[in-house]
1. Counting only residues that are among the basic types (Lys, Arg) and surrounded by fewer than 16 Cβ atoms within 10 Å (Cβ to Cβ), which one in the stretch 241-267 is nearest to Leu70 (Cα to Cα)?
2. Exactly one condition in (1) part of a helix (DSSP H, G or I); (2) more than 26 Å from Lys184 (Cα to Cα) is false for Ala267; which is it?
3. Report every pair of residues separated by at least 6 positions or lying on different chains whose Cβ atoms are under 9 Å apart, first residue within the stretch 192-213 and closer than 23 Å to Lys174 by Cβ and of a type in the set (Phe, Trp, Tyr), second surrounded by fewer than 20 Cβ atoms within 10 Å (Cβ to Cβ) and at pLDDT below 95.
4. Out of the stretch 132-146, which residues are surrounded by 24 or more Cβ atoms within 10 Å (Cβ to Cβ) and in a loop (DSSP other than H, G, I, E, B)?
5. For Thr95, work out the one condition from (1) more than 30 Å from Ala267 (Cα to Cα); (2) in contact with a Lys or Arg (Cβ under 7 Å, 6 or more places away or on another chain); (3) modelled with pLDDT of 90 or more it doesn't fulfil.
6. Can you tell me how many residues in the stretch 38-73 are among the β-branched types (Val, Ile, Thr) and part of a loop (DSSP other than H, G, I, E, B)?
7. Which of the residues belonging to the stretch 100-131 are assigned to a helix (DSSP H, G or I) and among the small types (Gly, Ala, Ser)?
8. Which residue, of Val192, Val203, Val216, is in a strand (DSSP E or B), touching a helix residue (DSSP H, G or I) at 6+ places or on another chain (Cβ under 9 Å) and either crowded, with 16+ Cβ neighbours inside 10 Å or of a type in the set (A, V, I, L, M) (or both)?
Amino acid sequence: MLLETVFIGIVTAYLHKKVKFYLIKKKKWDNAIMNGAEPFFIDNKSKTGILLLHGFTSTPQEVKGIGEYLAKKGLTIYAPLLTGHGTHIFDLATTKRQDWEKSTIKAFNRLKKKAENIFVIGSSMGGNLAIKLANQKKVKGLILLGTPMFFKSELTKKIMLKGMSLFKNFVKKKHDKRAKRAIKKKVHYMHVPIKALKELAKVIQESEDLLPNTKVPALVMQSATDQILTNENAELIYNRLGSKIKEKEFIPDSYHVFCLDKNKEIAFKKINEFIKKISSLKHQ
């Protein structure tokens, strides 16, 4: 009798979740861009263009600092808003990785009309998308900022996610005390659609598979105190990249999105130096 009751409870909860998601897809909601989440384009008439790709559940706001820094160096900058992001969480719940990838290709094509040589900078999942883009389009260089290939306690998280996916469509983000100082500055969703997390996992796997085929000069950067990635994550990317020219840099005492944290200037300077170095190479 007890097992029967538990089974009925599980089935009821699962069906309730399914019905709620069906209603989400049918519902009309306000999908206006969130304040501060707008894409930005800075045309400095430079031959070098920088395509900035933000992370999962985030917005161009997280890469605005590095964008403005490089714009002051005379470079042309474009940071698009990926499909499903910066509007309403329901938007992200109903998009797939192919939608995000189409956003990057569309953005690359727009920037290519203004600049001859394109560097792609990706923050977190933006780095995974950047790897995929570099295997589809001709780019001058690749700069990966906290790009995940695996996470801390990944197996435990996968098991928990599998269980939650039976009953929930969304999970609330949790941050440690150290991360909260930088999180306050972010314009992003406070919840995560579980369906979108599954799409994220596919993007990560596909980008990892492409690492040996990625031949362009690359700079791999990660926080030395990243709360969700171990240092081995950056080592894996660096070691598996097929690039002849590649560099690796750890930013001290910083949150995962270190371009928003207290040591961001260290990262900005290193990124600019890398761009200048690769731009000076004649045969690349």
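The values are calculated or read from the model by the stated rules, or taken from the named source; none is laboratory data. Remember, predicted model here, so these are calculated numbers, not experimental data. For neighbour counting, all protein chains shown are included, and Cβ atoms are generated from backbone atoms with ideal geometry for every residue, glycine included.
1. Lys262
2. With respect to (1) part of a helix (DSSP H, G or I); (2) more than 26 Å from Lys184 (Cα to Cα), Ala267 is out only on (2).
3. Between residues of the stretch 192-213 that are closer than 23 Å to Lys174 by Cβ and of a type in the set (Phe, Trp, Tyr) and residues that are surrounded by fewer than 20 Cβ atoms within 10 Å (Cβ to Cβ) and at pLDDT below 95, there is no close pair.
4. Result: Gly146, single match.
5. Thr95 satisfies every listed condition except (2).
6. Here the count works out to 2.
7. Ser103, Ala107, Gly126, Gly127, Ala130
8. Details: Val203 fails: in a strand (DSSP E or B); Val216 fails: in a strand (DSSP E or B).
When all the criteria are applied, what remains is Val192.
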